Amino acid sequence: MSLFDSAEASPLRLRSLAALRRTELSDGAWIDLLPGWLTGSDALFEDLAEHVPWRAERRKMYDNVVSVPRLLAFYREDEPLPHPVLAAAREALGAHYAEELGEPFTTAGLCLYRDGRDSVAWHGDRLGRGSSHDTMVAILSIGEPRPLLLRPRYGDAPHVRLPLGHGDLVVMGGSCQRTWDHAIPKTARGAGPRISIQFRPHNVG
């Protein structure tokens, strides 16, 4: 039985990125948002959930080794992506942001949040060039919505809350990875499974 039998079937299709809307944050950071960028995304969720080689990770935290509360997969720039629509999405993003970003999106990281117990703590993508240069991270969310929270690292700018799922796109740009943090919090309320696909330029992680 499908996880999304109640959802109306629709073709798997990327909408035009011309409908993106930008919100300026603080300290040179911004976000672009396009709800429902990918139509028919529930079918993609089922395909990725079944066929991606998901892995569980454990990481050292203080004196303990703990399980990372989500499943992960990563595709390097020389690896084929697990579905043709993801390659089309990466190409479309690269073309749209070519002048502003000055380089293509090359890698794709996937996270599977199985339920409300899965999460990611406050962080910025500050490995590699994200720690010192303006860059972009584009996130396509499929499956059931979960809130992406953003907060400034310094100062008292208002926090941002974005419920993302079912084909929504958010792009974090400018200084966002250095000057703002983001998180997917745990929730005690019923939360269905969600997959996020993060497209990044070379050496941003």
Original post:
Of Pro163, Pro158, which residue is more than 29 Å from Ala43 (Cα to Cα) and touching a strand residue (DSSP E or B) at 6+ places or on another chain (Cβ under 9 Å)?
Top reply: Pro158
Original post:
How many residues does segment 3-18 hold that are modelled with pLDDT of 95 or more and either in contact with a His (Cβ under 8 Å, 6 or more places away or on another chain) or loosely packed, with under 13 Cβ neighbours inside 10 Å (or both)?
Top reply: 3
Subject >> Every pair of residues 6+ apart whose Cβ atoms lie under 8 Å, when the first sits in segment 68-81 and is in contact (Cβ under 8 Å) with a residue 24 or more places away in the chain while the second is among the aromatic types (Phe, Trp, Tyr) >> reply: Arg70/Tyr113; Leu71/Trp54; Leu72/Trp54; Ala73/Trp54; Leu81/Tyr75
**OP:** Among what's in segment 153-184 and is modelled with pLDDT of 95 or more and touching a Ser or Thr at 6+ places or on another chain (Cβ under 6 Å), pick the residue that is nearest to Arg13 (Cα to Cα).
**Re:** Gly167
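Filter segment 35-57 down to residues that are in a loop (DSSP other than H, G, I, E, B) and under 17 Å from the mean Cα position of the chain (by Cα) and give me whichever is nearest to Pro147 (Cα to Cα).
Residue satisfying both the conditions and the ranking: Pro35.
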**OP:** Please indicate, with yes or no, whether at least one residue in segment 89-108 is part of a strand (DSSP E or B) and touching a residue at least 40 places away in the same chain (Cβ under 8 Å).
**Re:** yes
Original post:
Within segment 164-179, is even one residue in a loop (DSSP other than H, G, I, E, B), more than 20 Å from Tyr97 (Cβ to Cβ) and either touching a residue at least 24 places away in the same chain (Cβ under 8 Å) or among the hydroxyl-bearing types (Ser, Thr, Tyr) (or both)?
Top reply: yes
Subject >> Those residues of segment 29-52 which are closer than 13 Å to Ser196 by Cβ and among the hydroxyl-bearing types (Ser, Thr, Tyr), in sequence order >> reply: Ser41
Original post:
Of the residues Gly173, Gly165, Gly192, Gly155, which single one is more than 27 Å from Pro82 (Cβ to Cβ) and either in contact with a His (Cβ under 9 Å, 6 or more places away or on another chain) or of a type outside the set (Phe, Trp, Tyr) (or both)?
Top reply: Gly155
Subject >> Residue selected from segment 58-75 under the condition assigned to a loop (DSSP other than H, G, I, E, B) and surrounded by 10 or more Cβ atoms within 10 Å (Cβ to Cβ), by the criterion modelled with the lowest pLDDT >> reply: Val68
Original post:
Checking Asp115 against (1) within 17 Å of Val68 (Cα to Cα); (2) in a strand (DSSP E or B); (3) not hydroxyl-bearing (Ser, Thr, Tyr), which single condition isn't satisfied?
Top reply: (2)
Original post:
How many of the residues making up segment 180-189 are under 15 Å from the mean Cα position of the chain (by Cα) and in contact (Cβ under 8 Å) with a residue 60 or more places away in the chain?
Top reply: 4
**OP:** Find the residue count for segment 11-34, including only residues that are closer than 21 Å to Ala87 by Cβ and either of a type in the set (A, V, I, L, M) or outside any loop (DSSP other than H, G, I, E, B) (or both).
**Re:** 8
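The values are calculated or read from the model by the stated rules, or taken from the named source; none is laboratory data. Everything numeric here is computed off the predicted structure, so don't read it as measured data. So basically every Cβ, Gly included, is an ideal-geometry build from the backbone, and we count neighbours across all protein chains shown.
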